[in-house]
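Peer 1: First the structure, which I've put down as structure tokens, then a few questions once you've had a look.
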């Protein structure tokens, strides 16, 4: 069993967290972050008021924040009795009251933290860099910080962080707000500056090296704040895959979306993996799949992070019963130019969003105010002039009232003030009458137009500067609310004990070794995963008898734990027919095995039924360094070998997620009967996925990799034709 480092008893968490069968927690630790964000007392270690010194600006920043929060502030500086008009003390130990939060600004951060621990401070922030991010001595220093935190009741933010947690936010912007988490202060600055566009922010957690406090801790806390409508994050690396899952699940239960820029999109993967699954399980591919599974929206740019977060914070869920998902949510494009409408319609359709035709009744209404030569079905083109008078409001009211419309997108590109100003005003006024999101794209490079600067930015409308960001944000809005409607916490009934199948499978495992195909299939069979009918023959005569029972044609292949990739070595023969051919093939396979790997342990020759029908899939388990056992599915043949058409899920997940694994493969049409093919039994495939998941969690401490390649999905049922288990 894998033992989580979160299992240990510490002064900070005297009661161990509940662990599932893999040894990972199924609940988040409880941290009173209210005390961090709303302290009563704040110590500034290394406080300064010397003009021009960085610590002076930082001291004043912390002081401004603390005073706004109503906290008492205590400068700590051994070289002067007063800092910036406040009495100073030589060390934090000299502060006469309990300390809720210590901001450590000195380079000797380890010593300062030791004193904060001795003072029994509840939280500390270490600003200094030079720790694990630089290696060498820095790694040793960070280990000391970890030791101090684990041995105390103090929680630490950082090191190698900044003071963005002490930003002061505008209080004239109405919630819902964005709560921000970053591992780089500079990368969070554009989101913070969203306040200049009227976008409300309320918190900023810069997590740094995450010796203690991590992204998951702040996700949980922010999701519980009533004013927070969305959590935006810039992340370079997650500390723990399971805590990320638990925090995202908590946020989903609270209805708070998470939007994240996750850097590090690489194509590395497990280069030394023996199993095919391991080769395809690149860390970023698993992270992307896990984020989708958790309902977390992944974006690429900081502008997209702000735009998508702002839309999700401001827009109510789809209001029409049954409207969820890209196939059911209706988007209407409304413009003052046919070209603009056509351009936007292309992007909306390419994003997989639906552009329904407006009802005939709505179109008849629109014809009263829009010339007959312009389109009114969707996109709606008013030609421009109706926006300048009373007709503009009538048109918008009719579009919003149409039962097929769930979202309205209105692009404004380089418009004349005579059109843009009344159009903007109408959009704001109509938005106040409906819960349907009205998204506006201000495409003009001119940003001092009254319509943009005063009317649109002064409203609660989601306003974008590019078509692409608007469309991607709307797609994210649709996807998130579809996720919310189906979401059931996978941690409501986690696997806490091994199944009975684990007791049957464990004796078959060999620590540190790959199993033969025959033994690997015995492990699968213990979990109820169907395998081919076969006999392990240790003589030519036994092979002949087996073939007679399984025939008329059979597959023959070497069974050896030391020869996992048999086909590459010519150790597989298909369609062997007749006793003579069986005898000859038996001898030939043994001879080839001896030549390919002299001295290799050969169990015998597998004589197996020949499976000729069905669609080949690849199903397996890889060990991800962040998430642990991870289930992979792909379509076999060229789809997996060349196109790497694979998808992943991280346990625990339900049958609904298993079905979505199947549907999101590009080659899934091969399973559903494309081009006259017989439809495959996808329910049997889902059964196999769920059984492999159970195997993965039961045997997480013993099985490093599992590869079922191929798993043939037939018109009825599915069967593992080849398999490889690699033990830890």
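Each value in this text was obtained by applying a stated rule to the coordinates, not by laboratory testing. Here the structure is a predicted model, which is why all the values come from computation and not from measurement. Reconstructed Cβ throughout: ideal geometry from the backbone, glycine too, with neighbour counts over all protein chains shown.
Peer 1: Residues of segment 122-141 with amide nitrogen under 20 Å from the 7 Å Cα-to-Cβ point of residue 32?
Peer 2: 122-125
Peer 1: With Kirkwood's inverse mean 1/r over C-alpha pairs for Rh, give me the Rg to Rh ratio of segment 605-687, two decimals please.
Peer 2: 1.00
Peer 1: Over the alpha carbons of segment 29-87, what is the largest minus smallest coordinate on each principal axis, giving the biggest first in Å?
Peer 2: 40, 22, 20
Peer 1: Then there's this: Using a 10 Å cut-off on Cβ atoms, rank the peptides 70-78, 129-137 from the highest mean neighbour count down.
Peer 2: Details: 70-78: 19.2, 129-137: 14.4.
So the order, starting with the most tightly packed, is 70-78, 129-137.
Peer 1: Can you give the FRET efficiency for residue 146 and residue 588, using 1/(1 + (r/R0)^6), R0 = 56 Å, r = Cβ-Cβ distance, to the nearest 0.05?
Peer 2: Efficiency computed from Cβ-Cβ geometry: 0.40.
Peer 1: Which value in nm describes the separation of the simple spin-label points at residue 538 and residue 683, placed 7 Å from the Cα toward the beta carbon?
Peer 2: 4.2
Peer 1: For segment 587-630, what does the alpha-carbon gyration tensor say about shape, rounded, prolate or oblate, given a ≥ b ≥ c as the root eigenvalues, a/c under 1.5 as rounded, and a/b over b/c as prolate?
Peer 2: The shape class here is oblate.
Peer 1: Follow-up question, since we're still on this one. Given segment 33-157, what percent of its DSSP beta bridges are antiparallel, to the nearest 5?
Peer 2: 10
Peer 1: So if we plug the beta-carbon distance of residue 613 and residue 300 into 1/(1 + (r/R0)^6) with R0 = 45 Å, what FRET efficiency do we get, rounded to 0.05?
Peer 2: The value I calculate is 0.60.
Peer 1: Classify segment 86-174 as rounded, prolate or oblate from the Cα gyration tensor: take a ≥ b ≥ c as the square roots of its eigenvalues, call it rounded if a/c is under 1.5, otherwise prolate when a/b beats b/c and oblate if not.
Peer 2: Taking the square roots of the gyration eigenvalues as a ≥ b ≥ c, segment 86-174 is oblate.
Peer 1: If each residue's Cβ is checked for other Cβ atoms within 10 Å, how do 150, 68, 262 rank with the fewest at the top? Intermediate values should be presented prior to the final figure.
Peer 2: Details: 150 15, 68 12, 262 19.
In order of increasing Cβ crowding within 10 Å: 68, 150, 262.
Peer 1: OK, next. Relative to the compact globular guide of 2.2 N^0.38 Å, what is the alpha carbon radius of gyration of segment 533-610, as a ratio?
Peer 2: Here the answer is 0.98, to two decimals.
Peer 1: Sort 669-676, 510-517 by packing, meaning the average of other beta carbons within 10 Å per residue, with the highest value first.
Peer 2: 510-517, 669-676
Peer 1: Which FRET efficiency value, to the nearest 0.05, do you get for residue 659 and residue 496 by plugging their Cβ-Cβ distance into 1/(1 + (r/R0)^6) with R0 = 25 Å? Numbers along the way, then the final one.
Peer 2: Numbers: r = 25 Å, r/R0 = 1.00.
For R0 = 25 Å, the calculated efficiency reads 0.50.
Peer 1: Quick check: pseudo-label points 7 Å beyond the Cα along Cα→Cβ at residue 504 and residue 84, how many nm apart are they?
Peer 2: Each label point lies 7 Å from its Cα, and together they span 6.9 nm.
Peer 1: How big is D for the chain, in µm² s⁻¹ as a whole number, if Stokes-Einstein is applied with the Kirkwood radius of its Cα pairs at 20 °C and 1.002 mPa s?
Peer 2: On the way: Rh = 29.3 Å.
This corresponds to a translational diffusion coefficient of 73 µm²/s.
Peer 1: Still on this structure, I have one more. Viscosity 1.002 mPa s, temperature 20 °C: Stokes-Einstein D of segment 113-252 from its Kirkwood Cα radius, in µm² per second?
Peer 2: Working: Rh = 15.8 Å.
This corresponds to a translational diffusion coefficient of 135 µm²/s.
Peer 1: Same structure, new question: Find how much the distance from residue 484 to residue 466 grows on full extension, using 0.36 nm per residue of separation minus their present alpha carbon separation; answer in nm with one decimal.
Peer 2: Contour length minus Cα-Cα distance gives 3.8 nm.
Peer 1: Please label the shape of segment 519-571 as rounded, prolate or oblate, based on the square roots a ≥ b ≥ c of the eigenvalues of the alpha-carbon gyration tensor (a/c under 1.5 means rounded; beyond that, a/b larger than b/c means prolate, else oblate).
Peer 2: Oblate shape, in that a/c is at least 1.5 and b/c is the bigger or equal ratio.
Peer 1: I would also like to ask the following. Tell me, in nm to one decimal, what length is gained between residue 97 and residue 69 on full extension, where the rule is 0.36 nm per residue of separation less the Cα-Cα distance? Let's see the in-between values first.
Peer 2: Working: separation 28, 0.36 × 28 = 10.08 nm, distance 1.77 nm.
So the chain would gain 8.3 nm between residue 97 and residue 69.
Peer 1: How large is Rg over Rh for segment 36-128, taking Rg from the Cα atoms and Rh as the Kirkwood inverse mean of 1/r across Cα pairs? Numbers along the way, then the final one.
Peer 2: Values: Rg = 11.7 Å, Rh = 12.7 Å.
Taking Rg over the Kirkwood Rh, I get 0.91.
Peer 1: Quick check: pseudo-label points 7 Å beyond the Cα along Cα→Cβ at residue 600 and residue 447, how many nm apart are they?
Peer 2: Inter-label distance under the simple model: 6.4 nm.
Peer 1: If I model segment 163-234 as equal point scatterers sitting on the Cα atoms and use the Debye formula, what is log10 I(q)/I(0) at q = 0.12, 0.14, 0.18, 0.20 Å⁻¹?
Peer 2: Debye curve over Cα of segment 163-234, log10 I(q)/I(0) at q = 0.12, 0.14, 0.18, 0.20 Å⁻¹: -0.28, -0.38, -0.63, -0.78.
Peer 1: Just the number: Rg to Rh for segment 335-458, Cα atoms, Kirkwood Rh, two decimals.
Peer 2: So for segment 335-458, dividing Rg by the Kirkwood Rh gives 0.93.
Peer 1: Starting with the fewest neighbours, write out 390, 204 ranked by other beta-carbon atoms found within 10 Å of each beta-carbon.
Peer 2: Fewest-to-most Cβ neighbours within 10 Å comes out as 390, 204.
Peer 1: If you stretched the chain out fully between residue 153 and residue 263, how much longer would it get, using 0.36 nm times the residue separation minus the C-alpha to C-alpha distance?
Peer 2: Extending this stretch completely gives an extra 36.3 nm.
Peer 1: Provide the percentage of antiparallel DSSP beta bridges, counting only those with both residues in the chain; round to the nearest 5.
Peer 2: The antiparallel proportion sits near 45 percent.
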